[in-house]
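J.: Here's a structure for you.
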Amino acid sequence: MLNAIEISPKVWWVGGIDWNERLFHGYTTEAGITYNAYLIMDEKITLIDTCKATFSNELVQRISQVVDPAKIDVVITNHVEMDHSGSLPVIHKIAPNAQIYASAGAGVNEVKAHFGIEATPVKSGDTLNIGERTLTFVTTPMVHWPDNMVTYSDVDRILFSNDAFGQHYATTKRFDDENDLCEIMKQAKKYYANIVWPYGMQAHKALEAVKGLELKMIAPSHGCIWRSHIDKILEKYEAWTTYQTEEKAVVVFDSMWHSTEMMAREICDSFIAEGISAKLIDVKASHISDIMTDLCDARYVAVGSPTLNSNMLPTVASFLTYMRGLSPKNDQRIGLAFGSYGWAPLGPKQVYDELEKAKFNLPVPVITQQWIPSEENLAELQATVKKIIEDARA
Ligand code: FEO
């Protein structure tokens with residue numbers, strides 16, 4: 001039987017658990033996904049968000065453990081992306097008189113465009129009394145779609161935050177303190193790096209709005225509900241949304257005959273020699289969405305490719321395309337492009353161009369190496385990295 005879980009008096013989790021989903025538009029979800037929806041049993045029975053369409057039955061079954069779904073009076077659509085709104089047509093069919101609310105403009109338009117359903121618009125600061133409770137809506141545009149908003153319930157002191165503060169993590173245990181905190185923090189960081197990061201400035205504004213609320217729980221639409229570690233996730237979002245970096249380096253590369261790999265190892269060791277923690281990542285061995293998790297708070301990012309048919313390797317190009325899409329527009333991290341070649345240094349030059357387009361601070365020109373680096377070449381590389389670090393610290 002699919003149970004509903006009471007997370008607070010008269011507030012129920014009625015979502016779906018997608019145990020085996022392993023890819024969410026290009027992002028690997030090794031721990032699965034949940035689509036959290038919440039049912040508030042007040043005078044007006046209120047459903048906050050739905051599930052992916054394929055989880056409609058699961059949603060309806062869980063709601064039915066608490067109440068006849070036909071009795072739902074209000075549906076809040078915090079975000080129209082289909083992992084949260086895909087079951088809206090099913091709920092609309094079962095409870096055709098339920099009033100659906102979405103953000104004015106984008107939210108209402110998106111509900112109509114996706115499902116042909118009319119929604120009632122709400123603006124930031126608008127309230128809705130559902131009986132004992134008053135719900136307040138706060139729009140959070142571009143975190144990470146134009147329509148996003150969050151909903152706050154005053155009696156419960158719960159913020160229904162939709163994608164914000166979410167993690168892709170399938171579990172039957174709904175709360176942060178019932179799960180491995182390291183794991184859910186890791187998944188929260190991966191989620192932020194791969195979904196929210198390009199919109200850090202907007203996310204920071206949303207965070208400022210949230211800070212003024214008295215919070216007993218933050219109930220996102222993915223993963224665990226924050227109740228014992230609200231301070232920790234807010235602290236992390238403060239750091240991530242203000243683009244704070246740590247004194248660490250990530251060296252990402254691919255190689256054909258080990259020349260670029262030799263350079264990558266030398267660069268990595270050079271950072272370590274200067275007291276900076278560093279991670280060496282062969283793009284063949286790590287998924288690009290995992291690389292992003294390592295990269296989003298690294299102060300130094302070095303990327304290397306050899307030259308293949310007058311281009312960088314496709315593996316490196318794939319990573320850079322993905323990274324450039326996610327990188328913040330005001331990126332000030334320190335970048336370093338490098339790589340080897342046989343007769344024309346075109347691969348590493350393309351890497352440099354991509355880092356430049358992604359707005360990295362590039363203190364030295366692209367470092368290229370013909371054929372195989374000698375001990376002398378590697379010593380020069382080490383000296384260059386040392387100088388970059390010294391200048392950055394000055
Ligand atoms: Fe979880 Fe933007 O959808």
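The values are calculated or read from the model by the stated rules, or taken from the named source; none is laboratory data. Worth saying up front: this structure is predicted, and the values here are computed from it rather than measured. Counting neighbours? That spans all protein chains shown, and the Cβs are built from the backbone with ideal geometry, glycine included. Surface accessibility is based on the protein's heavy atoms, side chains included, excluding ligands, DNA and RNA. Shrake-Rupley method; radii C 1.70, N 1.55, O 1.52, S 1.80 Å.
J.: If Leu88 satisfies all but one of (1) within 17 Å of the chain's Cα centre (by Cα); (2) under 26 Å from Glu58 (Cβ atoms), what's the number of the condition it fails?
T.: So the condition that Leu88 fails would be (1).
J.: Taking segment 227-263 as the search range and keeping residues that are aromatic (Phe, Trp, Tyr) and within 20 Å of the chain's Cα centre (by Cα), which one is most open to solvent (accessible area, probe 1.4 Å)?
T.: As a first pass, look at segment 227-263 and keep what is aromatic (Phe, Trp, Tyr): 237, 240, 243, 253, 257.
Next cut, within 20 Å of the chain's Cα centre (by Cα) only: 237, 240, 243.
Numbers: Tyr237: 6, Trp240: 22, Tyr243: 59 Å².
The selected residue is Tyr243.
J.: Cβ-Cβ distance below 8 Å, separation of 6 or more or different chains: which pairs start in segment 135-149 with a residue that is at positive phi and assigned to a loop (DSSP other than H, G, I, E, B) and end on one that is within 11 Å of the ligand (Cβ to nearest atom) and open to solvent by less than 10 Å² (accessible area, probe 1.4 Å)?
T.: Met142/Asn148
J.: Now a separate question. So which residues in segment 218-266 are assigned to a loop (DSSP other than H, G, I, E, B), in contact with a strand residue (DSSP E or B) (Cβ under 9 Å, 6 or more places away or on another chain) and among the β-branched types (Val, Ile, Thr), if there are any at all?
T.: Thr245
J.: Can you tell me which condition Phe165 does not meet? The list is (1) in contact with a Pro (Cβ under 6 Å, 6 or more places away or on another chain); (2) surrounded by fewer than 23 Cβ atoms within 10 Å (Cβ to Cβ), and all the others hold.
T.: With respect to (1) in contact with a Pro (Cβ under 6 Å, 6 or more places away or on another chain); (2) surrounded by fewer than 23 Cβ atoms within 10 Å (Cβ to Cβ), Phe165 is out only on (2).
J.: Can you run down the residue pairs with Cβ atoms below 7 Å, 6 or more apart or on separate chains, where the first is in segment 214-230 and under 13 Å from Asn179 (Cβ atoms) and the partner is within 15 Å of the ligand (Cβ to nearest atom) and assigned to a loop (DSSP other than H, G, I, E, B)?
T.: Matching pairs, first to second residue: Gly223/Gly166; Gly223/Gln167; Gly223/His168; Gly223/Tyr169; Cys224/Gln167; Cys224/Tyr169; Trp226/Phe165.
J.: Hey, can you tell me all the residues within segment 25-77 that are crowded, with 20+ Cβ neighbours inside 10 Å, assigned to a strand (DSSP E or B) and away from the ligand (no atom under 16 Å from the Cβ)?
T.: Leu39, Ile40, Ile45, Thr46, Leu47, Val74, Val75
J.: If you don't mind, there's one more thing I want to ask. Going by what's in this entry, would Glu81 be described as open to solvent by less than 50 Å² (accessible area, probe 1.4 Å), farther than 17 Å from Ala4 by Cβ, free of Cβ contacts under 8 Å to residues at least 60 places away in the same chain and among the acidic types (Asp, Glu)?
T.: Numbers: open to solvent by less than 50 Å² (accessible area, probe 1.4 Å): yes; farther than 17 Å from Ala4 by Cβ: yes; free of Cβ contacts under 8 Å to residues at least 60 places away in the same chain: no; among the acidic types (Asp, Glu): yes.
No: the conditions fail for Glu81.
J.: Would you please name the residue that is nearest to the ligand (Cβ to nearest atom), looking only at residues in segment 78-103 that are outside any strand (DSSP E or B) and among the β-branched types (Val, Ile, Thr)? Working first, answer last.
T.: Step one: filter segment 78-103 for residues outside any strand (DSSP E or B), giving 78-98.
After this cut, where a residue has to be among the β-branched types (Val, Ile, Thr) as well, the list is 80, 90-91, 94.
Details: Val80: 9, Val90: 18, Ile91: 17, Ile94: 23 Å.
Checked segment 78-103; the qualifying residue nearest to the ligand (Cβ to nearest atom) is Val80.
J.: Right, here's the next one. Would you pick out the residues in segment 284-295 that are open to solvent by 10 Å² or more (accessible area, probe 1.4 Å) and either farther than 25 Å from Arg22 by Cβ or not acidic (Asp, Glu) (or both)? Break it down into steps so the answer makes sense when it comes.
T.: Of all residues in segment 284-295, those open to solvent by 10 Å² or more (accessible area, probe 1.4 Å) come to 284-288, 290, 293-294.
Within segment 284-295, Lys284, Ala285, Ser286, His287, Ile288, Thr293 qualify.
J.: Return the residue satisfying two criteria in turn: it lies in segment 279-300 and is among the hydroxyl-bearing types (Ser, Thr, Tyr) and not in a loop (DSSP other than H, G, I, E, B), and of such residues it is farthest from Gly347 (Cα to Cα).
T.: To start, the set of residues in segment 279-300 that are among the hydroxyl-bearing types (Ser, Thr, Tyr) comprises 286, 289, 293, 300.
Still in the list and also not in a loop (DSSP other than H, G, I, E, B): 289, 293, 300.
Numbers: Ser289: 22, Thr293: 25, Tyr300: 20 Å.
Out of the qualifying residues, it is Thr293.
J.: Still on this structure, I have one more. Just to verify a result, which residue in segment 160-182, among those that are away from the ligand (no atom under 16 Å from the Cβ) and touching a Phe, Trp or Tyr at 6+ places or on another chain (Cβ under 7 Å), is farthest from Val122 (Cα to Cα)?
T.: Within segment 160-182, the subset away from the ligand (no atom under 16 Å from the Cβ) is 171-182.
Filter once more, so that each one left must be touching a Phe, Trp or Tyr at 6+ places or on another chain (Cβ under 7 Å): 174, 176.
On the way: Arg174: 29, Asp176: 30 Å.
Within segment 160-182, the match that is farthest from Val122 (Cα to Cα) is Asp176.
Rundown of residues vs (1) surrounded by 24 or more Cβ atoms within 10 Å (Cβ to Cβ); (2) within 22 Å of the chain's Cα centre (by Cα); (3) assigned to a helix (DSSP H, G or I), yes/no style:
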{"site": "Ala302", "(1), (2), (3)": "yes, no, no"}
{"site": "Ala317", "(1), (2), (3)": "no, yes, yes"}
{"site": "Thr321", "(1), (2), (3)": "no, yes, yes"}
{"site": "Gly325", "(1), (2), (3)": "no, yes, yes"}
{"site": "Gln332", "(1), (2), (3)": "no, yes, no"}
{"site": "Leu336", "(1), (2), (3)": "yes, no, no"}
{"site": "Trp343", "(1), (2), (3)": "no, no, no"}
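J.: Go through segment 131-145 and give me each residue that's farther than 25 Å from Thr241 by Cα and either surrounded by 19 or more Cβ atoms within 10 Å (Cβ to Cβ) or touching a helix residue (DSSP H, G or I) at 6+ places or on another chain (Cβ under 8 Å) (or both).
T.: Arg133, Leu135
J.: Filtering segment 345-357 down to residues that are closer than 18 Å to Val251 by Cβ and of a type outside the set (Phe, Trp, Tyr), which residue is most open to solvent (accessible area, probe 1.4 Å)? Steps first, please.
T.: In the first step, residues of segment 345-357 are kept if they are closer than 18 Å to Val251 by Cβ; the result is 347-348, 350-352, 354-355.
Subsequent filtering for residues that are of a type outside the set (Phe, Trp, Tyr) retains 347-348, 350-351, 354-355.
Working: Gly347: 0, Pro348: 0, Gln350: 50, Val351: 0, Glu354: 26, Leu355: 0 Å².
So, considering only residues that are closer than 18 Å to Val251 by Cβ and of a type outside the set (Phe, Trp, Tyr), the one most open to solvent (accessible area, probe 1.4 Å) is Gln350.
J.: Determine if segment 105-117 includes at least one residue that is within 16 Å of the ligand (Cβ to nearest atom), modelled with pLDDT of 95 or more, surrounded by 24 or more Cβ atoms within 10 Å (Cβ to Cβ) and under 22 Å from the mean Cα position of the chain (by Cα).
T.: Yes: one or more hits.
J.: Something else: Any idea which residue in segment 267-276 is least open to solvent (accessible area, probe 1.4 Å), counting only those that are part of a helix (DSSP H, G or I) and out of contact with any helix residue (DSSP H, G or I) (no Cβ under 7 Å at 6 or more places or on another chain)?
T.: Residue satisfying both the conditions and the ranking: Cys268.
J.: While we're looking at this one, here's another question. In this structure, is Gln369 within 24 Å of Ser277 (Cα to Cα) and touching a strand residue (DSSP E or B) at 6+ places or on another chain (Cβ under 7 Å)? Step through it out loud before you land on a result.
T.: Values: within 24 Å of Ser277 (Cα to Cα): no; touching a strand residue (DSSP E or B) at 6+ places or on another chain (Cβ under 7 Å): yes.
Judged against the criteria, Gln369 is not a match.
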